[in-house]
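A.B. asks: Take a look at the following structure, please.
The values are calculated or read from the model by the stated rules, or taken from the named source; none is laboratory data. From a predicted model like this one, the values you see are computed outputs, not experimental measurements. Counting neighbours? That spans all protein chains shown, and the Cβs are built from the backbone with ideal geometry, glycine included.
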Amino acid sequence: MRLSEPRVTPLDAADWDEEIRGRLDPHGNPDGVLNVMKTLARHKKLFKRWQVFANHVLFKSSMPTREKEILILRIGWLCQSEYEFGQHTIIGKEAGLTDDEIRRITKGPDAPGWSERDKLLLQATDELHGDAFMSDATWNALSAHYNTEQMMDIVFAVGQYNMVSMALNTLGVQLDDGVGGYPT
């Protein structure tokens with residue numbers, strides 16, 4: 001973690017108003033709410049609007065979940081967001097990524113063992129992070145595997161998690177209980 005304690009502390013459940021409670025705790029389990037959500041709840045208007053976009057990228061994207069998690073884990077690694085990497089290691093495993101693949105994500109597209117498609121996803125993430133642009137070669141190669149909506153969802157997934165990684169790092173959001181950080 002870049003910061004050993006939060007700059008912006010998570011909003012305590014005792015301080016949740018009705019709207020925030022509805023957004024954070026629709027099932028009545030305040031102990032299960034992630035630190036990222038409790039932290040962003042400190043800015044209610046931003047949180048409300050961000051949640052719509054974040055829910056599209058995470059839950060409604062046209063990208064297959066495993067492939068989307070490759071993008072998210074790579075941008076989390078590139079941004080050195082241990083919180084992001086830890087949370088999405090769990091989600092990535094649920095989506096079918098292996099421990100070896102998660103470790104190789106940290107090595108990037110040139111690590112041996114990637115399929116052509118996975119290598120291209122990693123390459124696209126590296127290009128978007130490094131230059132805020134995906135090269136024609138990478139775009140054209142990925143377009144052989146994905147339709148226009150999926151290509152757009154690739155760009156927006158990387159952008160969303162780049163932004164979230166910056167927020168997590170800067171606000172000092174700490175790992176949730178039971179969540180590991182980077183792979184060993």
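A.B. asks: For the range 95-108, does any single residue satisfy the condition of being assigned by TED's automatic domain parsing to the domain that holds SER135, touching a Pro at 6+ places or on another chain (Cβ under 7 Å) and either free of Cβ contacts under 8 Å to residues at least 40 places away in the same chain or buried (at least 22 other Cβ atoms within 10 Å of the Cβ) (or both)?
C.D. replies: No, every residue in the range 95-108 fails to be assigned by TED's automatic domain parsing to the domain that holds SER135, touching a Pro at 6+ places or on another chain (Cβ under 7 Å) and either free of Cβ contacts under 8 Å to residues at least 40 places away in the same chain or buried (at least 22 other Cβ atoms within 10 Å of the Cβ) (or both).
A.B. asks: Out of everything in the range 99-137 that is assigned to a loop (DSSP other than H, G, I, E, B) and charged (D, E, K, R), what residue ends up being nearest to ASN162 (Cα to Cα)?
C.D. replies: LYS107
A.B. asks: Please go through the range 88-107 and pick out each residue that is of a type in the set (Gly, Ala, Ser) and touching a Leu at 6+ places or on another chain (Cβ under 6 Å).
C.D. replies: Across the range 88-107, the qualifying residue is only GLY92.
A.B. asks: Looking for whichever is assigned to a helix (DSSP H, G or I), in contact with a Lys or Arg (Cβ under 9 Å, 6 or more places away or on another chain), surrounded by 17 or more Cβ atoms within 10 Å (Cβ to Cβ) and modelled with pLDDT of 95 or more here; the options are VAL57, VAL36. Which one fits?
C.D. replies: Just a single option satisfies the conditions, and that option is VAL57.
A.B. asks: Pairs, please: C-beta under 8 Å, at least 6 apart or cross-chain, first residue among the acidic types (Asp, Glu) and in the range 158-184, second assigned to a loop (DSSP other than H, G, I, E, B)?
C.D. replies: From the range 158-184, the pairs are ASP176/LEU34.
A.B. asks: Please go through the range 81-98 and give me each residue that is outside any helix (DSSP H, G or I) and within 12 Å of the chain's Cα centre (by Cα), ordered by number.
C.D. replies: Result: SER81, single match.
A.B. asks: Something else about it: All but one of (1) out of contact with any Gly (no Cβ under 8 Å at 6 or more places or on another chain); (2) charged (D, E, K, R); (3) under 18 Å from PHE156 (Cβ atoms); (4) without any contact (Cβ under 8 Å) to a residue 40 or more places away in the chain hold for LYS45; state the number of the condition that does not hold.
C.D. replies: (3)
A.B. asks: Of all residues in the range 9-25, which are more than 22 Å from the chain's Cα centre (by Cα) and outside any helix (DSSP H, G or I)?
C.D. replies: ASP12, TRP16, ASP17
A.B. asks: For the range 58-75, how many residues meet the condition of being within 8 Å of the chain's Cα centre (by Cα), under 11 Å from ILE154 (Cα atoms) and of a type in the set (Val, Ile, Thr)?
C.D. replies: Matching residues across the range 58-75 total 1.
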